[in-house]
Structures are given as C-alpha cells and as structure tokens.
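Inspection log for the structure reproduced underneath, given as structure tokens.
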Amino acid sequence: MENPRHTHRIALTVNGAPVEAEVEDRLHLGDFLRRELSLTGTHLGCEHGVCGACTVMVDGQAVRSCLMLAVQARGRAVTTVEGLAADDGTLSPLQEAFREHHALQCGFCTPGMLTSLTAFLRDNPAPTDREVREAISGNICRCTGYQPIVAAALAAAGAKAAEEEN
Amino acid sequence: MKPAPFAYHDPSTVDELMGLLAERENARLLAGGQSLMPMLNMRYAMPDHLIDLNGIGDLAGVAETGEAVEIGAMTRQRDLPGSRPAAGRFPILAEALAHVGHFQTRNRGTVGGSLCHLDPSAELPCVAAATDAVLVVRGQDGEREVAMADWPTAYMTPNLAADEALVRIRLPRSAALDGQAFAEFARRHGDFAIVGVAAMLSLDGDTIRRASLAVAGVGPQPVRLAEIEAALAGEQANEATFKAASGEARGIEAMSDAYVSGKYRRRLTGVLVERALAKAAERAREAA
Ligand code: FES
Ligand code: FES
C-alpha cells in the first residue's frame, strides 16, 4: 500500500491545456511549473512566501506557488503569467498598461505583479490608489519604486483615463 | 526540491484523518500552508508524513448555534469577512484579518492554521483571546474542548497531542461586545505586527458595562489585560478613562528581540490600547 518513492500522479489544467504528470510529493507548484513544464515565467525568489514573485492563479485565486504542493493542484485550473495574453500574443490590458507605464525594469517581480493584479482587478474593477497599493503589498519590487506599477494598474482599471478627462 | 522527503496523504473525512494520525509517526498536518510550507522549504520541519486537510470538506465553513459561532478549522481567512454569522457578530475578525499577510496568502491561509501555528504576533490568536474562544479538538476518543487561555502551552506550541487535530473554533455569542476594534502597528502593511491590540466594549449610555482587551506581540502568547478590563467597568467611556487604561497597559511585561526593545513594545501597547478603546467606544455608540 505504502508508496515507497512518495510520488503521485496528477492531472490538472495549466493555462487552459490539460497536463498529466507523476510528481514527487515534496515538489512545490512553482518548481513543478518551471522544471517539469518549462513555464519559467513564474519566478521563484524567496520560496517562503514573502516576495510574491511566484504568484499564480489557482481556480482564479492568486496564490503563492512556492507555498502549495504540486500534488495539491490536482484537478485545478492553474494560470501563470504565460496564460495572461491572448493565444495570438495580444497582451492583456494590464500587460499593455505595464508596457505603457514602464512598470517593469528587470522584470523579476513582474509575473507575480501581473497575476496578483489580474485577480485583484477582476474582483475590484475600479480600485482606489490605496487599494492597489494594498493589493501589491505582498509583492516586492526592487527596481521600479512601485509608482509605475500602481499607475499601470489604475490605468488598466480605467481609473487613470477618467482622471485625465477631468 | 526544497523540503526533505515525506509521504503525502489526503484524507477526505475526519475519521480517515484520525486513522492516519493513529498509525503514522512524525506526521504534520497541512492546513493552508502559509506557515508550514516555508518551514518545510527551509527544512525547519522535516515530517515523514504530511497529512493534507484541504480535502476534508467538513472542516471548512461557519455555523451559528444558539450560543456560539462555530468556525471550522479549515475555513479560509479570505472567507471570514464575508461570513454573516462570523463577521456579523464579530466584526473584529474582519478588521484583524485585513492585517493578516496579504490577499494572496489569505486565499490559502486558514483560521485553524493560524491558531495552531501560534505566532506570537499573530492577529487571530489575539482576537480568539479577546473573544473567549473555545478550541474544539478531535482525538482518538472523541472531542475535547480547550479554552483559548489554555491553548498555547509554550512558544508557538498549541495544546494538541500528536494524534489530535483542531477541528473548529467556537466563539461564544456572549463574548461579542457592542463595539469592537483591532489596532496594530507593523513596519509595512501585512508584515508581522510589532504589537496588536483587540478591544471590545459594551456601554450603558456613557458608562462602560464590560470591556475586553487582548494584546499580541508582547510575549510568546496573546495576553488578556484582565485587571484593566475590571478597572474599566463602571467608568465613563471617555478620553480620560482610555488614557488611564493606556497608562496601565504600558506596565505590561514585554519581550525584546533583535529589532524591537521591550520598552518600545510597552509604549506601543499603551498607544494601541488607547486607540482601540476609543474606536470600540465609537462603534458601541453607533450600534446603540
Ligand atoms: S518565491 Fe514564493 S513568495 Fe517568494
Ligand atoms: S522590475 Fe525588477 S524587481 Fe520589479
């Protein structure tokens, strides 16, 4: 009965595509995405839940992929940064706003920022500046100083456009 | 691959869980994973068996009985502010939860996980102390109940045997005072609090009928300020009273660590007690 190698077979969808794999029990979701699926858009910084770079969406909820086991993603729908643009490569409005507002420099934090803000803006489509700052308070960026990221998020939400009209 | 090897188990019922706990040595329970996963990744924790509670549907959700609000141990932190019975009776839960990590960690983090991890600065154990929470533990021979005051047995150690599991948290309705407030100070939003204070007040007109005060971050476990609560009863709910309580609260015993001195924590406790009491009084008046 006991499984000596401590592995499980899992089936899930990643960015809409079905995936099946045999994973070691101790493998976390971030490593699974990067190593087994070569989806290296998800970045691993601290691997203890502090930096937010590894954030992905699981069933639409933004979560830390370093704090979830791959085996726990069984039967779930995982969305990574690779899954945010349309199939033809057209950027999402948020990604477009990031480009427009220079919301990335080295890009290390960007996948976590984009996945976090994608989930956040879906649930709160017209946020205040403060709410955006709070939403990314768990994502560390060492380059931008955050201002352009907040600006991009507000622009994507259409808040910026309304502001400029006034 | 950061964690040391372990065997993963995912029971779907509490009975199955109890069976696993009875048979397996050196097992750890995995709730939301927002504290245990870092400990596994850093190999602070090296269990031989990891028992995932996420598949046990019975452990999640909030129910209200005549006397109490019962919160399943696996209820996600994100789901509590929207829960009518929980946040309706105990709005302090929602206010405290806004300080617990970040929305991405609250999406996984659970109420029971936080109460079993017992970080000294954690908000939920502090609220549990202020609200006279009772922790319901399932063991091999059925359930037993532990008052929050007896729940921490040592630094980050719950009153839980190796073959037991926390199944739910009961908040007595009688503990829900009219005005409730949670105040804390942390260096950055979502960081561990340096000090956090839970305050609740019931008023008769302007007179304090009952007060409840608990402090997180000063010692290994949340501290109820019973003497100050008793002194507050019968006093006028005004600035002078809250200032006096704040002065008393500054006398609290507080630990020092590499970042923050005990002296600063004592001072902060005074400031936050005053703020939380004033807010609680304001809300008690609004509710009247
Ligand atoms: S790598 Fe997951 S939070 Fe830093
Ligand atoms: S762009 Fe470099 S860390 Fe954010």
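The values are calculated or read from the model by the stated rules, or taken from the named source; none is laboratory data. Everything quoted here is computed from the prediction, not taken from an experiment. As a convention, Cβ positions derive from the backbone with ideal geometry for all residues, glycine included, and neighbour counts pool all protein chains shown. With ligands, DNA and RNA removed, areas are computed over all heavy atoms of the protein, side chains included. Shrake-Rupley method; radii C 1.70, N 1.55, O 1.52, S 1.80 Å.
Out of everything in the stretch A:16-44 that is more than 21 Å from B:Leu30 (Cβ to Cβ) and crowded, with 20+ Cβ neighbours inside 10 Å, what residue ends up being farthest from the other protein chains (Cβ to nearest Cβ)?
Per the criteria, the residue is A:Leu39.
Under 7 Å by Cβ, and 6 or more places apart or on different chains, what pairs join a residue from the stretch A:138-156 that is touching a residue at least 60 places away in the same chain (Cβ under 8 Å) with one that is more than 8 Å from ligand 2 (Cβ to nearest atom) and open to solvent by 40 Å² or more (accessible area, probe 1.4 Å)?
A:Ala156/A:Pro93
Quick grid of which residues meet (1) more than 13 Å from every other protein chain (Cβ to nearest Cβ); (2) among the hydroxyl-bearing types (Ser, Thr, Tyr):
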| site | (1), (2) |
| --- | --- |
| B:Ala4 | no, no |
| B:Leu21 | yes, no |
| B:Pro38 | no, no |
| B:Tyr44 | no, yes |
| B:His49 | no, no |
| B:Leu59 | yes, no |
| B:Gly66 | yes, no |
| B:Ala98 | no, no |
| B:Gly101 | no, no |
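Can you say whether B:Ser12 is open to solvent by 10 Å² or more (accessible area, probe 1.4 Å), within 11 Å of chain A (Cβ to nearest Cβ), small (Gly, Ala, Ser) and under 24 Å from A:Leu67 (Cβ atoms), as far as the supplied structure shows?
In short, no.
Residue-by-condition table, conditions (1) open to solvent by less than 30 Å² (accessible area, probe 1.4 Å); (2) out of contact with any Lys or Arg (no Cβ under 6 Å at 6 or more places or on another chain); (3) more than 19 Å from A:Ala53 (Cβ to Cβ):
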site	(1), (2), (3)
A:Thr80	yes, yes, no
A:Asp87	no, yes, yes
A:Pro93	no, yes, yes
A:Ala97	yes, yes, yes
A:His101	no, yes, yes
A:Gly107	yes, yes, no
A:Met113	yes, yes, no
A:Thr118	no, yes, no
A:Asp123	no, yes, yes
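Do we have B:Arg43 as of a type in the set (D, E, K, R), out of contact with any Lys or Arg (no Cβ under 8 Å at 6 or more places or on another chain) and open to solvent by 10 Å² or more (accessible area, probe 1.4 Å) here?
Answer is no for this residue.
With the checklist (1) surrounded by fewer than 24 Cβ atoms within 10 Å (Cβ to Cβ); (2) within 15 Å of ligand 1 (Cβ to nearest atom) in hand, flag the one item A:Arg76 doesn't pass.
A:Arg76 satisfies every listed condition except (2).
So, in the stretch A:33-50, of the ones that are more than 15 Å from A:Val81 (Cβ to Cβ) and in contact (Cβ under 8 Å) with a residue 12 or more places away in the chain, which residue ends up farthest from ligand 1 (Cβ to nearest atom)?
Across the stretch A:33-50, the extreme among qualifying residues is A:Glu36.
What are the residues in the stretch B:131-187 that are over 27 Å from B:Asn54 (Cα atoms) and in contact with a Gly (Cβ under 6 Å, 6 or more places away or on another chain), if any?
Within the stretch B:131-187, just B:Glu184 meets the criteria.
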